[in-house]
1. If the requirement is being crowded, with 16+ Cβ neighbours inside 10 Å and modelled with pLDDT of 90 or more, which of these qualifies: LYS44, LYS129, LYS85, LYS77?
2. If you take the residues of region 92-122 that are among the β-branched types (Val, Ile, Thr) and without any contact (Cβ under 8 Å) to a residue 60 or more places away in the chain, which of them is surrounded by the fewest Cβ atoms within 10 Å (Cβ to Cβ)?
3. Please list, ordered by first then second residue, the pairs with beta carbon atoms under 7 Å, 6 or more apart or interchain, first in region 21-47 and outside the structural domain of SER227 (by TED's automatic domain parsing) and part of a helix (DSSP H, G or I), second acidic (Asp, Glu) and surrounded by 14 or more Cβ atoms within 10 Å (Cβ to Cβ).
4. Could you check LEU248 against (1) touching a helix residue (DSSP H, G or I) at 6+ places or on another chain (Cβ under 7 Å); (2) crowded, with 19+ Cβ neighbours inside 10 Å; (3) closer than 24 Å to MET296 by Cβ and say which number it fails?
5. Quick one: in region 185-224, which of the residues that are in contact (Cβ under 8 Å) with a residue 24 or more places away in the chain and more than 17 Å from ASP245 (Cα to Cα) is surrounded by the fewest Cβ atoms within 10 Å (Cβ to Cβ)?
6. Output the qualifying pairs, or none if there are none: Cβ atoms under 8 angstrom, residues six or more apart or on different chains, first residue in region 58-81 and assigned by TED's automatic domain parsing to the domain that holds LEU152 and among the hydrophobic types (A, V, I, L, M, F, W, C), second residue crowded, with 23+ Cβ neighbours inside 10 Å and assigned to a strand (DSSP E or B).
7. Which members of region 79-106 meet the condition of being hydrophobic (A, V, I, L, M, F, W, C) and assigned to a helix (DSSP H, G or I)?
8. Looking at ILE202, ILE233, can you tell me which residue is more than 30 Å from ASP30 (Cα to Cα) and within 28 Å of the chain's Cα centre (by Cα)?
Amino acid sequence: MYKELESLAPSYRCGAKTLYTAFQILKENDGHLSGREVINKVRKRITFTDWELETHKKTGNVRWESVLQFHTIDAVKAGFLRKNKGVWYLTEEGEKAIKLGPKKLLETAIERYRNWAAINKSDKQEVEKDLDTDPLGFEENITQSQKAQLDLLEEQAITGIKEFIRTKNPYEFQDLVAALLRGMGYFTPFISPKGRDGGLDILAYSDPLGATAPRLKVQVKHRPDASVPVDDIRSLTGLLNKDGDIGLFVTSGTYTSEAERSARESHRHIRLLDIESFIDLWQQFYHKLSDEDKNMLPLHAVYFLGSND
């Protein structure tokens, strides 16, 4: 498969095979996966050269990982890939682009990035990428390299938060959910005690007495490596028996596509939060949490110079 890449410069040979493999992995995993998981799977699937396994002097990262991160920026601007909170999403156009093969996929992504840069970049001295003569272009292109590095740092941060949540037991994760709801302005008069099985895990009211809608009936599942099935969503729906009741299901994992469809089509208001959505809301409302609640999942904000790209 990679014989057509032998004439290319090392960085682009590396970029072509890693980007193509990453796209294949995403397709095999319903089109989305955390960036760290994609990289781990690429590592197991490709035999790398000594050059590709060297540590990048500027970032301290393994070179092939830096190359892959760099070219995901091309793929995003090409419309093949989306990134959000450390998760990579293969677009419909990206899935079709797999048929191009490794070399043509990378060439197309780079060309589309160039077209985008020509319109949007104020810095017209951005390094041109030449597939045959620029073996270290990915290191010299400062703007794109910085964006790739920031993406990598964000993915590492999200991975760290996920791993911290994974270490929690089910009741501790339930307490995290209740803390988030309090940070969002809800009152939580009922949190299921240990040993209780079935029914609701949390009741959350918009006023202290629960007299004002909405009233949240919450179920929590701490299953980091599993997808919540549709039957669990239907069970929650059956508990929404008053006007103003809203069902909220929170998991430290994901949902099956059938479960998501059931929530969308339900005659009752059902909201699903997976681990990415939970982390996003925790970050968004972190400043409104009490000090005690913050300590359950403490965060530290670090700000980098950004751009409008």
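1. Selected residue: LYS77, the only one of LYS44, LYS129, LYS85, LYS77 that is crowded, with 16+ Cβ neighbours inside 10 Å and modelled with pLDDT of 90 or more.
2. Among residues in region 92-122 that are among the β-branched types (Val, Ile, Thr) and without any contact (Cβ under 8 Å) to a residue 60 or more places away in the chain, the one surrounded by the fewest Cβ atoms within 10 Å (Cβ to Cβ) is ILE119.
3. These pairs meet every condition: LYS27/GLU95; GLY35/GLU155; ARG36/GLU155; ILE39/GLU65.
4. It is condition (1) that LEU248 fails.
5. Per the criteria, the residue is ARG223.
6. That search, which allows pairs on different chains as well, returns ALA75/LEU81; PHE80/LEU90; LEU81/TRP88; LEU81/LEU90.
7. If the condition is that a residue be hydrophobic (A, V, I, L, M, F, W, C) and assigned to a helix (DSSP H, G or I), then ALA97, ILE98, LEU100, LEU105, LEU106 are the ones that fit.
8. One residue alone meets the criteria, ILE202.
The values are calculated or read from the model by the stated rules, or taken from the named source; none is laboratory data. Remember, predicted model here, so these are calculated numbers, not experimental data. Ideal geometry is used to build each Cβ from the backbone, glycine not excepted, and the neighbour counts take in all protein chains shown.
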